[in-house]
Amino acid sequence: FALGDTNETSIIHRNQSTPSSSLLPMDDLHREEFPHTTNVIEETIQVKRLDDVADQLNIIGPLIVKIDVQGFEDRVIRGGELTLQKAHAIIVELSSYSLYEGQPSFADVHIQLDRLGFVFRGTVDQMLSPKDGRILQFDGLFENLRFQTGVQSKTLPSTASVASNE
């Protein structure tokens, strides 16, 4: 199954190059930069919310979450807010340019995670364009202020107020 913000059946665009598979269709720039990713087969897949499956995962802290979902980041975050708030840090693969149709921007994800009490701390990896060297994607590191030690942190919203902002 895939993770998202609803429990449903959806179409996944399975790519010959597995790391490019996504619930979202590929944008033109993706195909131009990586021509070997043009072969796609559509398949039906179950989508579940992280908050609905987290109990089955036997998660033991401290928790660091890696979200690498090819443009579906905002939906995974919406479907896993309660679980993600237990994480000390989240690493999210984000695009600098649109590689998938309908994907969120860095600013969109930053706002979502800020509402959950996370602060952006920088990048830990990046993928460059094979054509011109510009940064196409990067892994952004977000730290949960609830677990920050030795530093004054801002006042955080309660879980109830986070949910009411959506």
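The values are calculated or read from the model by the stated rules, or taken from the named source; none is laboratory data. These figures come from a predicted structure and were not determined experimentally. So basically every Cβ, Gly included, is an ideal-geometry build from the backbone, and we count neighbours across all protein chains shown. Surface areas here come from the heavy atoms of the whole protein model, side chains and all, with no ligands, DNA or RNA. Shrake-Rupley method; radii C 1.70, N 1.55, O 1.52, S 1.80 Å.
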> Among the residues of the range 95-120, which ones are open to solvent by 10 Å² or more (accessible area, probe 1.4 Å), without any contact (Cβ under 8 Å) to a residue 40 or more places away in the chain, among the aromatic types (Phe, Trp, Tyr) and not in a helix (DSSP H, G or I)?
Replying inline: PHE120
>> Of the conditions (1) assigned to a loop (DSSP other than H, G, I, E, B); (2) open to solvent by 60 Å² or more (accessible area, probe 1.4 Å); (3) in contact with a strand residue (DSSP E or B) (Cβ under 7 Å, 6 or more places away or on another chain), THR123 satisfies every one except a single condition; which number is it?
In response: (1)
> Condition test on GLY133, is it under 25 Å from PHE1 (Cα atoms), in a loop (DSSP other than H, G, I, E, B) and open to solvent by 30 Å² or more (accessible area, probe 1.4 Å)?
Replying inline: no
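For LEU24, state whether it is farther than 19 Å from ILE90 by Cα, in a loop (DSSP other than H, G, I, E, B) and out of contact with any Pro (no Cβ under 7 Å at 6 or more places or on another chain). Step through it out loud before you land on a result.
Working: farther than 19 Å from ILE90 by Cα: yes; in a loop (DSSP other than H, G, I, E, B): yes; out of contact with any Pro (no Cβ under 7 Å at 6 or more places or on another chain): yes.
Considered against the rule, which asks whether it is farther than 19 Å from ILE90 by Cα, in a loop (DSSP other than H, G, I, E, B) and out of contact with any Pro (no Cβ under 7 Å at 6 or more places or on another chain), LEU24 comes out as yes.
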>> So the check is Cβ under 8 Å with 6+ separation or different chains; which pairs have a first residue in the range 9-34 that's free of Cβ contacts under 8 Å to residues at least 24 places away in the same chain and a second one that's of a type in the set (Val, Ile, Thr) and open to solvent by less than 20 Å² (accessible area, probe 1.4 Å)?
In response: SER17/THR37; ARG31/THR37
>> Given the criteria surrounded by 15 or more Cβ atoms within 10 Å (Cβ to Cβ), basic (Lys, Arg) and part of a loop (DSSP other than H, G, I, E, B), does LYS86 qualify?
In response: yes
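Tell me, please, whether a residue that is over 27 Å from GLN148 (Cα atoms) and part of a loop (DSSP other than H, G, I, E, B) can be found in the range 6-15. If you could, list the steps in order and put the result at the bottom.
First, the residues of the range 6-15 that are over 27 Å from GLN148 (Cα atoms): 6-15.
Now drop any that are not part of a loop (DSSP other than H, G, I, E, B), which leaves 6-7.
Scanning the range 6-15 turns up at least one residue that is over 27 Å from GLN148 (Cα atoms) and part of a loop (DSSP other than H, G, I, E, B).
If you take the residues of the range 60-71 that are closer than 20 Å to GLN148 by Cα and not in a strand (DSSP E or B), which of them is modelled with the highest pLDDT?
At the first step, the residues of the range 60-71 found to be closer than 20 Å to GLN148 by Cα are 60-66.
Retained after the next criterion (residues that are not in a strand (DSSP E or B)): 60-63.
On the way: ILE60: 84, GLY61: 83, PRO62: 88, LEU63: 93.
It comes out as LEU63.
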> Can you name every residue in the range 27-50 that is part of a helix (DSSP H, G or I) and polar (S, T, N, Q)?
Replying inline: THR37
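Identify, from the list ARG75, ARG14, the residue that is touching an Asp or Glu at 6+ places or on another chain (Cβ under 8 Å) and closer than 30 Å to GLY133 by Cβ.
Working: ARG75 fails: closer than 30 Å to GLY133 by Cβ.
Selected residue: ARG14, the only one of ARG75, ARG14 that is touching an Asp or Glu at 6+ places or on another chain (Cβ under 8 Å) and closer than 30 Å to GLY133 by Cβ.
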>> Suppose we keep only residues that are under 18 Å from LEU113 (Cβ atoms) and surrounded by fewer than 21 Cβ atoms within 10 Å (Cβ to Cβ) within the range 49-68. Which one would you say is nearest to the chain's Cα centre (by Cα)?
In response: ASP68
